[in-house]
Amino acid sequence: MKKEFTEFDVFRTIAETLSGRKSIAALSNYQVLNNNINYVNNLFSESLSRFSKVLNEARASLADDSLASPEAKNDSCRLYYFRKILPRLITNGIQISMKFQSHTIPDDRSTVAIEDVHVLHKSFADYSELVTSTRQFVDSLLSDSYQMICLDPKLLNYQVLSSLSSFEKYATASIWRSIANDDLAKILKQFNSLKFQNRANSKISKCTHKTFAQKVDYVFSQLGVNDNKFSDELKNVFNFSSEFTHVGYVSTMFSSTYNSECIFGDEIGPYLPSTENFCELEYRLLETGVKLYSKIYISSLRHALEQLMGDFSQGINKKLIQLADDINNGLKTRNTQYYFFIRSDIVGSSKNINIPCRCGEVRIWIPPHDRSELFCKKCGSSFTLIELAGDPGYIFTSQGPVKAIGSSVPDLEDLPKEKFDEVWKKWKEAVDKNSVQHL
Ligand SMILES: [Zn+2]
């Protein structure tokens, strides 16, 4: 029979479990996580510089009446003022992105020795900063994407006036004067005089999609992004970060307990299990955030520019497409799966086997060839071996000829030109006959 818990059972279990935190389990490879954080963080940082340059170009074009679409041509047109506010929104977005980028950098272990390994410990403050900056980034980029998709003055009014209304309540007079003028103050008074539920549908403001999740679904549908896994991931990150941002019980207890930890080590130096756990979360948040930026935010901006400038948006949008493609392709090189042909008799032999990963790193697989080591320490990709009997030589794949690892033939790049051309010709014939290996 299923056990019915009483209120006392529940209370006892909570008290016992959460007061004595279990020892922390290190679940992933710290070195790989840190390398991947480094790679994606650099990718993100470089793309933000490129994005800023594109924004400058967009700002100049948006200011030019002769480039505007008929709906945004002059101040009697519905979309006209979006030409002014859009560059401001994007400038804010870049600031928030830079903050997120600066909170998702890899650990520097180059000077950490066993005696000071505690500097790698991650505290409540570290978790709080990481997750809060993620929350600001995700929330703000998604809200701006929503505004750029809708381009509806009433929706923008609602968002800005709601924000001003909260801000005004506690802002000092000098700060308030630096952002508001008399007209804006009067408008805000009118907005504040509306009953709370009427603000979402008034003469000056409206709010059609109230929650974060509703906005995600709407933006995804308008952009034609059919990726439920990713939309769920964004909603989950939002809920997860609420728990941290509002200092929920679980997140605070998780991150504020300091038990003495065992010390791990690898070829770079010592580290703590808790550092590795932090890194795992950091990588996950970074990857989700950068995907939001490349797949949703940049696409939404392209949509807005097209509405505001028609065909004149094409030049800038081409650059934005290239930027997003470069980020997406960069992300794909992490934690991927690569296949290698290998002669079967060297696996389990006494020889070292060199496995060249596509990222440039070479894994030296030493005897006894433990299969749990078949991954790349630099990019986290896993290796699947296709073992072939005898001395297989070059194998023709749909992507080109490759040398089976351990074969007696020279490496392709070491072949004299005429020999290389010969292999290439045979490979082409195999492609025409469609007799290549598809991986
Ligand atoms: Zn690699």
Can you tell me how segment 67-179 classifies by the Cα gyration tensor, rounded, prolate or oblate, using a/c under 1.5 as the rounded cut? prolate
What one gets for the chain as the Kirkwood radius, inverse of mean 1/r over different Cα pairs in Å, is 26.3
Pairs of lysines in segment 337-432 (C-alpha under 20 Å apart; 8 or more residues apart or interchain): 10
Return one number: the angle in degrees, 0 to 90 and rounded to the nearest 10, between the long axis of the Cα atoms of helix 228-245 and the longest principal axis of the Cα atoms of the chain. 70
What is the dipole size for segment 77-203, taken about its Cα centre, with +1 at each Lys and Arg Cβ and -1 at each Asp and Glu Cβ, in debye to the nearest 20? 1080
Value of relative contact order over the chain, rounded to a whole percent, pairs C-alpha under 8 Å and six or more apart: 21
At a 10 angstrom cut-off on C-beta neighbours, averaged per residue, how do the peptides 81-93, 343-355 rank from highest to lowest? 81-93, 343-355
For segment 93-230, calculate the relative contact order in percent as a whole number, restricting contacts to Cα pairs under 8 Å that are 6 or more residues apart. 28
Helix 124-150 sits at what angle to the longest principal axis of the chain, using alpha carbons and giving 0 to 90 degrees rounded to 10? 70
Nearest-20 debye value, segment 184-233 charge dipole, Cβ charges on Lys, Arg, Asp, Glu: 620
Convert each backbone phi in segment 29-34 into a coupling constant with the Karplus relation 6.51 cos²θ - 1.76 cosθ + 1.60 (shift: θ = phi - 60°), then list the ³J(HN,Hα) values in order as whole Hz, x for Gly and Pro. 7, 4, 4, 5, 4, 5
How about the chain: what cysteines have no other cysteine beta carbon under 4.7 Å from their own? Cys77, Cys150, Cys207, Cys262, Cys279
Select from Gly390, Tyr338, Val431 the residue farthest towards the positive end of the dipole of segment 337-432; place +1 on Cβ of Lys and Arg, -1 on Cβ of Asp and Glu, and compute about the Cα centre. Tyr338
Between the Cα axis of helix 298-309 and the main Cα principal axis of the chain, the angle (0 to 90°, nearest 10) is 50
About the Cα centre, and with charges only on the beta carbon of Lys, Arg (+1) and Asp, Glu (-1), how big is the dipole of the chain? Nearest 20 debye, please. 1660
With unit charges on the beta carbon (Lys/Arg positive, Asp/Glu negative), name the residue among Ser193, Leu161, Ile175 whose Cα is farthest towards the positive pole of the charge dipole of the chain. Ser193
For Lys203, the lysines lying under 29 Å Cα to Cα, once residues fewer than eight places off in the same chain are dropped, come out as Lys73, Lys84, Lys154, Lys169, Lys186, Lys189, Lys195, Lys215
Selection from Val409, Phe420, Ser381 lying farthest towards where the dipole of segment 337-432 points positive, charges on Cβ: Ser381
So what is the calculated 222 nm ellipticity per residue for the chain, using -39500 (n - 2.57) for each DSSP H run with n of 4 or more, over all residues, to the nearest 500 deg cm²/dmol? -18000 deg cm²/dmol
Working from the alpha-carbon coordinates of segment 337-432, get Rg over Rh, Rh being the Kirkwood radius. 0.98
Where Rh is the Kirkwood radius over the Cα pairs of segment 1-148, the temperature 4 °C and the viscosity 1.567 mPa s, what D in µm²/s does Stokes-Einstein return? 64
Sequence-distant lysines (8 or more away, or on other chains) whose Cα lies within less than 20 Å of Lys122: Lys22, Lys99
Residues Leu164, Leu308, sorted so that the one with the fewest Cβ neighbours within 10 Å comes first: Leu164, Leu308
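When N is the residue count of segment 395-439, what does its C-alpha Rg come to as a fraction of 2.2 N^0.38 Å?
Against the compact-globule rule of thumb, the ratio is 1.13.
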For Arg363, net neighbour charge (Lys/Arg +1, Asp/Glu -1) across residues whose Cβ lies under 11 Å away: 0
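When a footprinting reagent is the concern and you count Cβ atoms within 10 Å, what order do Phe264, Phe191 take, fewest first?
Taking fewest neighbouring Cβ atoms as first place, the list is Phe264, Phe191.
Every read-out reported here was derived from the displayed coordinates using simple, explicitly stated rules and does not represent laboratory data. These figures come from a predicted structure and were not determined experimentally. Note: ideal-geometry Cβ built from the backbone for every residue, glycine included; neighbour counts use all protein chains shown.
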